[in-house]
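I have placed the structure first, in the form of structure tokens, so that the comments after it can refer back to it.
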Amino acid sequence: MFPWHDNRRFNSYSSYMIREFGGRVQKISIDAGFSCPNRDGTISTGGCTFCRNDAFNPSYCRPEKSIRQQIEEGIEFHKRRYRRASSYLAYFQAFSNTYKPVAELEKLYREALSVPGIIGLVIGTRPDCLTEEIMELLQEISRISPRHISPIIIELGIESVYDSTLSRVNRGHDFATARNAIEMVHNYGFHCGGHFIFGLPGESREMMLHTADIISELPLTTVKFHQLQIFKDTNMADEYLANPSDFHLFTLEDYIEFVIDFIERLNPNIVIERFAGEVPPRYLVSKPWLNLRYDQVLSLIEKRLEERNTYQGRLYSSYQPY
């Protein structure tokens, strides 16, 4: 048994959800038609150089549909795929899902919570799109849920802890902004997730490993890790095709060894939701890993953790074993 009280060698999201909700809870993705200050001219019109949101949207996710329709279609889709799920979280996923006036946000969030089977919200956004006013709205909503169960999880796209990297990919904010947003979410009592990309141009292996030391000291509840993938029709694809030597794209074998080295240094209290990204190959300029699905990649990572006889937090400097 590890500190997270099961025999998997990392603090897994599935176990976290069981601890929090007593059983499997499935996310239902929603595209509510949000934009992004890095696209609409507030910060920039180019967006992040790596970004292509539609690569991750499920087929039922379309902003022309109502929130209720997307959720109901998503529940039907997941009932066929994951028969064990009986409760759902409405996942505002596409673009920056706090980037509207507060009155509009309230209407969207409450509509999602009104759908039978939805017990809470996951809200994906940018660190520079959170304000005290938005956090107060979320606090109010969480208190007066019609079913008195309204967990709210804020998921922040952080991508890198290095300002030089964030500038190079045209992120539009620095890491201090991300740190402040994480701390604000935590201070309001909400669980906070962070998304990171491994392999962004300009970052060495040592820099990426040091990221574990930095984020281990932040009040993050969950993390998602994605290997860098080059999407068609992005500014990064143009850069990659012009100068491929500027990019180091992980092979599958290298990535497995890297993420294991990484999580050995990671605070064992942080829940790992994903180790890698998965998108349909038709969106990619870079080559996919043998067309493996995520669950196959995860199985390879867990097998290698066993072979190396290691686990999350083994080298974490503040780690105190039970």
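The values are calculated or read from the model by the stated rules, or taken from the named source; none is laboratory data. Here the structure is a predicted model, which is why all the values come from computation and not from measurement. Every residue, glycine among them, receives a Cβ derived from its backbone with ideal geometry; neighbour counts consider all protein chains shown. Accessible surface is based on the protein model in full, side chains and every heavy atom, while ligands, DNA and RNA are left aside. Shrake-Rupley method; radii C 1.70, N 1.55, O 1.52, S 1.80 Å.
First compute the accessible area of region 1-137 with a 1.4 Å probe, then give the percent of it belonging to carbon and sulfur atoms.
That fraction is 49 percent.
Among the lysines, which have Cα under 28 Å from the Cα of residue 65 when same-chain residues fewer than 8 positions away are ignored?
Straight-distance partners of residue 65: 27, 79, 100, 107, 224, 232.
Can you tell me the FRET efficiency between residue 254 and residue 291 if r is taken as the Cβ-Cβ distance and R0 is 22 Å, rounded to the nearest 0.05?
Computed FRET efficiency for residue 254 and residue 291: 0.75.
If you project the alpha carbons of the chain onto their three principal axes, what span does each projection cover, largest first, in Å?
49, 49, 38 Å, listed from the longest principal axis down.
How much of the accessible area of region 190-242, probe 1.4 Å, is carbon plus sulfur, in whole percent?
Accessible surface attributable to carbon and sulfur in region 190-242 totals 51 percent.
Just tell me which aspartates and glutamates come within less than 18 Å, Cα to Cα, of residue 287; anything on the same chain fewer than 8 places away is out.
Filter leaves 233, 238, 239, 246, 253, 254, 278.
Using mean Cβ contacts within 10 Å as the protection proxy, how do 300-307, 115-122, 288-295 order, highest first?
The most tightly packed comes first, giving 115-122, 300-307, 288-295.
Between residue 245 and residue 233, with labels modelled 7 Å along Cα→Cβ, what's the label distance in nm to one decimal, could you check?
3.2 nm
Determine, from the Cβ-Cβ distance of residue 69 and residue 187 and an R0 of 56 Å, the FRET efficiency 1/(1 + (r/R0)^6), rounded to the nearest 0.05.
Given R0 = 56 Å and the Cβ-Cβ separation, E is 0.95.
Specify the inter-centroid distance of region 165-187 and region 214-279, based on alpha-carbon positions, in whole Å.
A separation of 17 Å, based on Cα centres.
At a probe radius of 1.4 Å, what is the per-residue accessible area of residue 195, in Å² to the nearest 10?
40 Å²
Restricting things to Cα coordinates, could you compute the convex hull volume per residue of region 1-102 in Å³?
Hull volume over Cα atoms, normalised by residue count, gives 163 Å³.
Round to the nearest 0.05 the FRET efficiency obtained for residue 207 and residue 133 when R0 = 30 Å and r is the Cβ-Cβ distance.
0.25
Treat each spin label as a single point 7 Å out from the Cα along the C-beta direction, and report the residue 279 to residue 44 distance in nm.
Going by the 7 Å Cα→Cβ label model, 1.6 nm.
What does DSSP give for the chain in terms of the percent of beta bridges that are antiparallel, rounded to the nearest 5?
For the chain, the DSSP antiparallel bridge percentage is about 5.
Need one number: nm distance between label points at residue 298 and residue 5, each 7 Å from Cα along Cα→Cβ, rounded to one decimal.
Distance between the two pseudo-spin positions: 2.1 nm.
How would 177, 251, 49 rank on accessible area, largest to smallest, probe 1.4 Å?
251, 177, 49
Placing +1 at every Lys and Arg Cβ and -1 at every Asp and Glu Cβ, with all other atoms neutral, what dipole size does the chain have around its Cα centre, in debye to the nearest 20?
1220 debye
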